[in-house]
Amino acid sequence: MEAIETVRHSAAHIMAAAICKLFDNVKLDIGPSTDEGFYYDFDLEHRIGPEDFPKIEAAMRELIQADVPFIRKEVTREEAAKAFAEQPYKLERLQDIPEGETVSLYTCGDFTDLCRGPHVASTGCVGAVKITSVAGSYYRGDEKNKMLQRVYGMADVSQEALDAALNRIEEAKKRDHRKIGKELDLFSISEDVGPGLAHWHPKGARIRIAIEDYWRKEHFRHGYEMLFTPHVGRAKLWETSGHLGFYRDSMFPCMNVDEGEGSHATVEQYFVKPMNCPFHIQVYKTRRFSYRDLPLRWAELGTVYRYEKDGVRHGLFRVRGFTQDDAHIFCAPDKIEDEIRFTVNFCLHILHRFGFKDITAYLSTRPEKAVGSPEKWEQATNSLRQALEAEQLPYEVDEGGGAFYGPKIDMKIKDALGREWQLGTIQFDFNLPERFNLVYIGEDGKEHQPYMVHRALLGSLERFFGILIEHYAGAFPTWLAPEQVRILPITDKQLDYAKRIESALLAEDIRVKVDVENEKLGAKIRRAQLEKVPFMLVVGGRDEEAGKVSARSREKGDLGAMDLDAFMAIFKESLKD
């Protein structure tokens, strides 16, 4: 079976061939595969719309059924330029190919494209295709350039496989965190406040508090201390850290602040923080540490701000203001292997609690341009690798994929739909300890530089919340649900009894609410189900007389009549899931 990426990329060529056949004066740009399918960017007078999709698909199927071979030909730059003399975007892409690198063309039928490949052997290897959407896309992603038409599609080796993929996409649409977030009143993003700045509504805030409470409790149990740091810092801090040199395009513009008076007056530049690490380093520098004090594990739910541009923001997944579950570890070099293993184990422990069992690690190693000695890199990389192997965690190696300042482990989980998400990160940093001249006193009484590790478990609360919404389709486990129990009095006569039950559950820190609407019981049950409340307690006249409740579960339905203590036992058991 052909690799799915190759099938998708070949389908992009087939679509381009079909569009060139159907429409006049088509200018071609590029057509890569994507995680879900493929796209191709076109410049043509005809505005492609959904009404064109069936005839494009028909032309594609005609080429697929003809089973035309994909033929690769290596050419000189001059030959390629001649072949694409009427294709300005292809000529520019040709210039991007480094000198000395092979220039190759791929032909299927009457269509030839500039492409490095690979492709399937013939068009018949692409079993099924579907055009899914069309959108505008600036050439090279630059809004100063012309807007092209980007046509998206999907392809697979068979109609059955394609149908399964399309069903997954439909299910993903139903689980879209933006849709569910609105339906369940969890969060919003106000254009009046600014794009990419999320508001947590009361129900969403309840979930966030549950996440944060668990996060803090587990950190204290695992030897961490908490920090709180400012939201802004002087330009000098960000110059020392290197952020102004390497990261300024992703930072919000500076604020000019008048400081001092008279002849001592100055104008200082301040920036809102895009990261927490320089602030944690400042705490480290307030005193002198010895090897006996290390490792230091300092964590913070620190809100940061990044200037994410139009086109990359997406619901809670990519925002401008977000709270990182951040931590920094300062450790002596000879203890780093144990510390990394401890950190990997902690990360898995946290992710498992949120229901993620399918976890893969990616180990990124030293790139060509890197700071720190090769010996440090080797020790750091080995400590990461040995920690993964000790925990028997599956991992893949990304050779040369580390940051310039150190190797890292990325933890990726699969959600209920099998989609992969990166969450935890364990990142070595040889750069900042040198830039800020961090030291500790070793057993020999001399100064030594500590190893510094950046560590996140969930990434950011906003993005993690979006992932949780889609993973659970809004039906959160009991321990996370914003409303854990809803009490449903059959008539207003049972309101006082319902309120007494509510008070008893509130005293046990259960998130509970009485439905006071004057409606039929069926309507109340349906509303609780739609709002995905884990438990319902129906109370009628007989329940009140007997001092019982009629319990219902979101998953199991009617649980029968029982006293409150019996329900509490069921409820507490559900908190373990």
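Rounded, prolate or oblate, given the Cα gyration tensor of region 121-178, with a/c below 1.5 counting as rounded?
Working: a/c = 3.82, a/b = 1.35, b/c = 2.82.
Since a/c reaches 1.5 but b/c is at least a/b, the shape of region 121-178 is classed as oblate.
Quick one: dipole size for the chain, taken about the Cα centre, charges +1 on Lys/Arg Cβ and -1 on Asp/Glu Cβ, in debye to the nearest 20.
For the chain, the charge dipole is close to 1100 debye.
Please compute the net charge surrounding Ala390, taking Lys and Arg as +1 and Asp and Glu as -1 over other residues with Cβ under 13 Å from its Cβ. Mind showing how you got there, number by number?
Details: positive: Arg341, Arg385; negative: Glu337, Asp338, Glu339, Glu389, Glu391.
Spelling it out: positives minus negatives among the neighbours equals -3.
When DSSP assigns beta bridges and you keep just the ones with both residues in the chain, what percent turn out antiparallel, to the nearest 5? Don't skip to the end; give the middle numbers.
Working: 86 of 102 bridges.
Roughly 85 percent of the beta bridges in the chain run antiparallel, per DSSP.
Take the cross-link list Lys174/Lys412; Lys357/Lys532; Lys357/Lys572; Lys335/Lys414 and give me the ones stretching past 28 Å between alpha-carbons. Write down the numbers at each step before the final one.
Working: Lys174/Lys412 23 Å; Lys357/Lys532 23 Å; Lys357/Lys572 22 Å; Lys335/Lys414 32 Å.
Going by Cα-Cα distance, Lys335/Lys414 fall outside the 28 Å limit.
How charged is the neighbourhood of Tyr247? Take every other residue with its Cβ under 12 Å from the Cβ of Tyr247, and add Lys/Arg as +1 and Asp/Glu as -1. Working shown, then result.
On the way: positive: Arg248, Lys273, Arg306; negative: Glu239, Asp249.
Residues near Tyr247 contribute +1 overall.
Please give the residues of region 331-348, grouped as numeric ranges, whose backbone N is less than 16 Å from a label point set 7 Å along the Cα-to-Cβ vector of Glu443.
Zone members listed by number: 332-338.
Loop-only check: which trypsin sites (Lys or Arg not before Pro) in region 49-143 are DSSP coil with at most 14 other Cβ within 10 angstrom?
Working: sites: Lys55, Arg61, Arg72, Lys73, Arg77, Lys82, Lys90, Arg93, Arg116, Lys130, Arg140; in loops: Arg116.
Sites meeting the loop and neighbour criteria: Arg116.
Calculate, axis by axis, the spread of Cα positions in region 1-62 along the three principal axes, and write the results as whole Å, longest axis first.
Result for region 1-62: principal-axis Cα extents of 36, 23, 18 Å.
With the contact rule set at Cα under 8 Å and sequence spacing of 6 or more, what percent relative contact order holds for region 4-173? Write out the running numbers ahead of the final one.
Details: 295 pairs, mean separation 47.2, N = 170.
RCO, region 4-173: 28 percent.
For region 74-203, would you read off the P(r) tail past 20 Å as a percentage of all alpha carbon pairs?
Values: 5777 of 8385 pairs.
In whole percent, the long-distance tail amounts to 69.
As an exercise, use a Förster radius of 30 Å and the Cβ-Cβ distance of Thr491 and Lys556 to find the FRET efficiency, rounded to the nearest 0.05. Before the final figure, lay out the partial values.
Numbers: r = 26 Å, r/R0 = 0.86.
It comes to 0.70.
Cα gyration tensor of region 485-574, axes a ≥ b ≥ c as square roots of the eigenvalues: rounded (a/c below 1.5), prolate (a/b > b/c) or oblate?
Working: a/c = 1.35, a/b = 1.08, b/c = 1.26.
Cα axes put region 485-574 in the rounded bin.
Mind putting a number on the dipole of region 485-574 about its Cα centre? Charges go on the C-beta only, +1 for Lys and Arg and -1 for Asp and Glu, and I need it in Debye to the nearest 20. Walk me through the intermediate numbers first.
Values: 17 positive and 17 negative charges, 74 e Å.
Once rounded to the nearest 20, the dipole reads 360 debye.
Region 376-443: D in µm²/s via Stokes-Einstein (Kirkwood Rh, Cα pairs, 25 °C, 0.890 mPa s)?
Working: Rh = 14.0 Å.
So the translational diffusion coefficient is about 175 µm²/s.
Every read-out reported here was derived from the displayed coordinates using simple, explicitly stated rules and does not represent laboratory data. Bear in mind that the values here come from a model prediction, so they are computed numbers and not experimental data. For neighbour counting, all protein chains shown are included, and Cβ atoms are generated from backbone atoms with ideal geometry for every residue, glycine included.
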